[in-house]
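Asks: Let me give you the structure first, and then I'll get to my questions.
The values are calculated or read from the model by the stated rules, or taken from the named source; none is laboratory data. Because the structure is a prediction, the values reported are computed rather than measured. Using ideal geometry, Cβ is built from the backbone for each residue, glycine included, and neighbour counts are taken over all protein chains shown. Just the protein is used for accessible areas: all its heavy atoms, side chains included, with ligands, DNA and RNA removed. Shrake-Rupley method; radii C 1.70, N 1.55, O 1.52, S 1.80 Å.
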Amino acid sequence: MTKSPFSLEGQTALVTGSSRGLGNAIATGLAEAGARIVLNGLKAERLAAAGEAMRSAGHDVLHSAFDAADEGAVVSAFEAFDSQGVAIDILVNNAGIQFRKPMIELSAGEWQNVIDTNLTAAFIVAREAAKRMIPRGRGKIINIGSVMSQAARATIAPYNASKGGIKMLTQSMAAEWAEHGIQANAIGPGYMETDMNKALIEDQAFNSWVTKRTPSRRWGKPEELAGTAVFLASAASSYVNGQIIYVDGGMLAVL
Ligand code: GCO
């Protein structure tokens, strides 16, 4: 029987920021398609718990605790993968934070922290992954953007800028690495039910705005990103490069 083009059997995927939220949902979806998963996060105990849960579901899971924004930590993590014979075939740059404050009150340090975590980290981790993918002539990079890669909401300027940067970083990766058999693409989630958005979901006025502004009239569920992630991680997307796929219930398609 021929293998499905969506199968990830025999592939290893590193998902940054995957002990919970969107990262964990994406990691679970990739595992269900057959990938071995390397979970990543800052807190070793949270990672261990997430790894245990996935193993009890029958998945093949490793974990590596490092700060994706810390260049030295990322370089050491990949050197450890090398020494353990762990080849990263699929990278999902998911780690990210939100920081809500009007620009007029925002400090340069608060701005820089979001940019470093949401954008610079994606560059650093992808650079280390690509150094190993290029000699192999193949690789998959999936950067997690946002509807804010395309449209800005007030009071989250560094997040908007970082996610806009993710779109162009993705296109830059395609420009430099596609010829080496690497496909780099992005996913732009809409308003998803995550811990990061808990305050928004609980705010009746904001919740009402999201449901009115979204043609699907509801918030997205983290697991609703998994199918797009599997597609972009698999052979089914072998000629897709530098694209961003919005999983937003139609929000960006309408006024
Ligand atoms: C906000 C939210 C958004 C969400 C949305 C886009 O403050 O408006 O945090 O930025 O992250 O899901 O990705």
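Asks: Give the residue, chosen from Ala152, Ala157, that is modelled with pLDDT of 95 or more, small (Gly, Ala, Ser), more than 8 Å from the ligand (Cβ to nearest atom) and open to solvent by 40 Å² or more (accessible area, probe 1.4 Å).
Replies: Ala152
Asks: Could you list, in sequence order, all residues of segment 112-148 that are under 28 Å from Phe78 (Cα atoms) and within 16 Å of the ligand (Cβ to nearest atom)?
Replies: The answer is Asn113, Val114, Ile115, Thr117, Asn118, Leu119, Ala122, Ile142, Asn143, Ile144, Gly145, Ser146.
Asks: Out of curiosity, is Thr170 open to solvent by less than 50 Å² (accessible area, probe 1.4 Å), free of Cβ contacts under 8 Å to residues at least 60 places away in the same chain, part of a helix (DSSP H, G or I) and more than 9 Å from the ligand (Cβ to nearest atom)?
Replies: no
Asks: Another one. Give the residues of segment 63-111 that are part of a helix (DSSP H, G or I), more than 15 Å from the ligand (Cβ to nearest atom), touching a residue at least 40 places away in the same chain (Cβ under 8 Å) and open to solvent by 20 Å² or more (accessible area, probe 1.4 Å), sorted by residue number.
Replies: Listed by number, the residues that qualify are Glu71, Val75, Asp82, Trp111.
Asks: Please find, within segment 178-199, the residue that is farthest from the chain's Cα centre (by Cα) out of those that are surrounded by 22 or more Cβ atoms within 10 Å (Cβ to Cβ) and away from the ligand (no atom under 11 Å from the Cβ).
Replies: Ile182
Asks: Now for a different question. Does segment 117-125 contain at least one residue that is in a loop (DSSP other than H, G, I, E, B) and either free of Cβ contacts under 8 Å to residues at least 40 places away in the same chain or in contact with a Ser or Thr (Cβ under 8 Å, 6 or more places away or on another chain) (or both)?
Replies: No - not one qualifying residue is present in segment 117-125.
Asks: Scan segment 201-255 residue by residue and report those that are assigned to a loop (DSSP other than H, G, I, E, B) and open to solvent by less than 40 Å² (accessible area, probe 1.4 Å).
Replies: Thr214, Trp219, Ser234, Val240, Gly242, Asp248, Gly249, Gly250
Asks: Another one. Which pairs turn up if I take residues in segment 192-219 that are at positive phi and free of Cβ contacts under 8 Å to residues at least 60 places away in the same chain and look for partners that are away from the ligand (no atom under 12 Å from the Cβ) and β-branched (Val, Ile, Thr) with beta carbon separation below 6 Å, at least 6 apart in sequence or on another chain?
Replies: Taking only residues 6 or more apart or on different chains, the pairs are Arg217/Thr211.
Asks: Which of the residues belonging to segment 182-200 are assigned to a loop (DSSP other than H, G, I, E, B) and not β-branched (Val, Ile, Thr)?
Replies: Answer for segment 182-200, where residues must be assigned to a loop (DSSP other than H, G, I, E, B) and not β-branched (Val, Ile, Thr): Gly190, Tyr191, Glu193.
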